[in-house]
1. Any residue in the stretch 154-175 that's in contact (Cβ under 8 Å) with a residue 40 or more places away in the chain: show its pairings with residues that are aliphatic (A, V, I, L, M) at Cβ separation under 8 Å, as long as the two are six or more apart or on different chains.
2. Can you tell me how many residues within the stretch 43-53 are of a type outside the set (Val, Ile, Thr), part of a helix (DSSP H, G or I) and touching a residue at least 12 places away in the same chain (Cβ under 8 Å)?
3. Is there any pair with a first residue in the stretch 25-42 that is more than 14 Å from Val9 (Cα to Cα) and a second that is among the small types (Gly, Ala, Ser) and assigned to a helix (DSSP H, G or I) whose Cβ atoms are under 6 Å apart and which are 6 or more apart or on different chains, and what are they?
4. Looking at the stretch 51-66 only, could you name the residues that are under 18 Å from Val21 (Cβ atoms) and crowded, with 16+ Cβ neighbours inside 10 Å?
5. If you check Leu136, Leu147, Leu153, which single one turns out to be in a helix (DSSP H, G or I), touching a helix residue (DSSP H, G or I) at 6+ places or on another chain (Cβ under 8 Å) and either at pLDDT 90 or above or not acidic (Asp, Glu) (or both)?
6. Could you check the stretch 17-40 and list, in sequence order, the residues that are closer than 22 Å to Met55 by Cα and either over 27 Å from the mean Cα position of the chain (by Cα) or assigned to a loop (DSSP other than H, G, I, E, B) (or both)?
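The values are calculated or read from the model by the stated rules, or taken from the named source; none is laboratory data. Owing to the predicted nature of the structure, the values given are computational and were not obtained by experimental measurement. Please note: Cβ atoms are built from the backbone with ideal geometry, for glycine as well, and neighbour counts cover all protein chains shown.
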Amino acid sequence: MMTQIVFYVFATVLVLSAGMVVSARNPVHSVLFLILAFFNAAGLFLVAGAEFLAMILVIVYVGAVAVLFLFVVMMLDVRFAQMREGLQRYAPFGAAVGLVLLAELALAFSHWQVAADIASVPHVVAAPGRTNTAALGDVLYTHYVFLFEACGLVLLVAMIGAIVLTLRERPMGRRQNIDRQHERTAADTLAMMTVPLGQGVAANGGFRRPEQSYYIASVPGSYGVTAEPVPQGKPAGAAPADGAPESGHGADNHGGLAQ
């Protein structure tokens, strides 16, 4: 008697929460009622003795799908006025589809016949001390192990396909070039120097940076950044005019950078 009461309580709350999912005006409330419906469905599975299905329902649907729906709905800018306009526009089409489904269900149940001796059919009795979770695992990983692996491959292909479809290549992004880092020496680096006032880099043990590197943003291929074009009228290796500073820097002080 107690089992029947618990069953009807879970079933009643499940039906009411499912109705609120489609009738609530706030999408966030709809997702919360959906989570409540999943919990009550898991309770029905527990009453029926299928604890594995109950845990799977809670972990997969409530813990992943429903929470994902909740965060997506909360982050989206949902405009309720447009939703109501769309509902009124497609209401006749939805009603027609619902009537077709109702007619199909009526035809299916009208031709559904139950065998007269169904009550006398002996039920399958589980082995003593064996739970349905252990029995399901034995069957799944012995008789249906290849089908189980095939399902895993299908999910893997779907995951890789989703990654490939959403992957965006960024040619100007900063990338790490391991080979160039290994080939780097101390002579290829720039050192920060504190140059006293009135002195140059050469007077402090530094030397001038090669002029052909003034118009290059970075070494091509190092971090995905290509070389910038050389300004017109200024070849990369051309010498500066007499008395003019080289590339906007003094002859001795080049921004405090030494190669």
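1. Close Cβ pairs (under 8 Å, with a partner that is aliphatic (A, V, I, L, M)) amount to Met172/Val225; Arg174/Val225.
2. Start the filter on the stretch 43-53 by keeping residues that are of a type outside the set (Val, Ile, Thr), which leaves 43-46, 48-53.
After this cut, where a residue has to be part of a helix (DSSP H, G or I) as well, the list is 43-46, 48, 51-53.
Now drop any that are not touching a residue at least 12 places away in the same chain (Cβ under 8 Å), which leaves 43-45, 51-52.
Residues meeting the conditions: 5.
3. Close Cβ pairs (under 6 Å, with a partner that is among the small types (Gly, Ala, Ser) and assigned to a helix (DSSP H, G or I)) amount to Phe33/Ser17; Leu34/Ala66; Ile35/Ala66.
4. Matches in the stretch 51-66: Leu57, Val58, Tyr61, Val62, Ala66.
5. Values: Leu147 fails: touching a helix residue (DSSP H, G or I) at 6+ places or on another chain (Cβ under 8 Å); Leu153 fails: touching a helix residue (DSSP H, G or I) at 6+ places or on another chain (Cβ under 8 Å).
None of the other options fit; the residue is Leu136.
6. Correct list: Ser17, Ala18, Asn40.
Yes/no per residue for (1) polar (S, T, N, Q); (2) touching a residue at least 12 places away in the same chain (Cβ under 8 Å); (3) assigned to a helix (DSSP H, G or I):
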{"residue": "Tyr8", "(1), (2), (3)": "no, no, yes"}
{"residue": "Leu57", "(1), (2), (3)": "no, yes, yes"}
{"residue": "Leu70", "(1), (2), (3)": "no, yes, yes"}
{"residue": "Gln113", "(1), (2), (3)": "yes, no, no"}
